[in-house]
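Please read the structure below before turning to the comments.
The values are calculated or read from the model by the stated rules, or taken from the named source; none is laboratory data. In this text, all values refer to a predicted model and were calculated from it rather than measured experimentally. Cβ placement follows ideal geometry from the backbone for every residue including glycine, while neighbour counts extend to all protein chains displayed.
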């Protein structure tokens, strides 16, 4: 060994030991103990005036076929609803999950929830829940008391198996608009 090799080796050991004993975490790391905000439950009565609203159809896939349709790749689904309005809230009145045959699988809301300006919420279908099938969908209904910027309603599907992974987004499509300051159909 060269005469200075022992010194370099000693310095390397000291540096490695100090790195292992110091627990350095980035300042931007989120605090896992903080709960995810829950949207506020609201009551819509006969005085709630609807200025805008929509019914949105969101196609989702609980699985897709691969390998000449001999294998099924199961997917987890996250339905995301984002209020894009800078100042006004929206009220989500219904989130329903349907299967390939058009049968209701699950009603996600018991009561309407409010999404404040720029807030978002999500609904989840587990990867092993294949009740929706290949042609599953969500129907999302929302209303607002003022004209607002339309929310973004979309689904993200993701699945991983062995060394394969797949993910994609499915945007919602407006199938009905509500306008003209009508009274709420909810009692």
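Identify, from the list 140, 125, 152, the residue that is surrounded by 19 or more Cβ atoms within 10 Å (Cβ to Cβ) and more than 21 Å from residue 73 (Cα to Cα).
Numbers: 125 fails: more than 21 Å from residue 73 (Cα to Cα); 152 fails: surrounded by 19 or more Cβ atoms within 10 Å (Cβ to Cβ).
Testing whether each residue is surrounded by 19 or more Cβ atoms within 10 Å (Cβ to Cβ) and more than 21 Å from residue 73 (Cα to Cα) leaves just 140.
Which numbered condition in (1) under 25 Å from residue 131 (Cβ atoms); (2) out of contact with any strand residue (DSSP E or B) (no Cβ under 6 Å at 6 or more places or on another chain); (3) buried (at least 18 other Cβ atoms within 10 Å of the Cβ) is the only one that residue 75 fails?
Looking at each condition in turn, residue 75 falls short on (2).
Could you list all residues from segment 130-163 that are in a strand (DSSP E or B), farther than 14 Å from residue 63 by Cα and either without any contact (Cβ under 8 Å) to a residue 60 or more places away in the chain or more than 17 Å from the chain's Cα centre (by Cα) (or both)? Spell out the reasoning first.
Here is the first cut: in segment 130-163, the residues in a strand (DSSP E or B) are 137-144, 152-161.
Right, trim to farther than 14 Å from residue 63 by Cα and you get 138-144, 152-154.
Listed by number, the residues that qualify are 143, 144.
Can you tell me which of 35, 59, 39 is within 17 Å of the chain's Cα centre (by Cα), surrounded by 10 or more Cβ atoms within 10 Å (Cβ to Cβ) and at pLDDT below 80?
On the way: 35 fails: surrounded by 10 or more Cβ atoms within 10 Å (Cβ to Cβ); 59 fails: at pLDDT below 80.
Only one candidate passes the filter, namely 39.
Of all the residues that make up segment 62-72, how many are more than 22 Å from the chain's Cα centre (by Cα) and in a loop (DSSP other than H, G, I, E, B)? Working first, answer last.
First, pick out the residues of segment 62-72 that are more than 22 Å from the chain's Cα centre (by Cα): 65-72.
Remaining after also requiring in a loop (DSSP other than H, G, I, E, B): 67-70.
Of the residues in segment 62-72, 4 are more than 22 Å from the chain's Cα centre (by Cα) and in a loop (DSSP other than H, G, I, E, B).
State all residues of segment 73-105 that are without any contact (Cβ under 8 Å) to a residue 40 or more places away in the chain, within 25 Å of residue 166 (Cα to Cα) and not in a loop (DSSP other than H, G, I, E, B); if no residue qualifies, say none.
105
Take segment 106-124 and flag every residue that is assigned to a strand (DSSP E or B) and more than 20 Å from residue 51 (Cα to Cα).
Listed by number, the residues that qualify are 106, 107, 120, 121, 122, 123, 124.
Please verify whether residue 127 is part of a loop (DSSP other than H, G, I, E, B), modelled with pLDDT under 95, under 15 Å from residue 155 (Cβ atoms) and in contact with a strand residue (DSSP E or B) (Cβ under 8 Å, 6 or more places away or on another chain), treating the condition exactly as stated. Explain how you work it out, then say what you get.
Details: part of a loop (DSSP other than H, G, I, E, B): yes; modelled with pLDDT under 95: yes; under 15 Å from residue 155 (Cβ atoms): yes; in contact with a strand residue (DSSP E or B) (Cβ under 8 Å, 6 or more places away or on another chain): yes.
So residue 127 passes the test.
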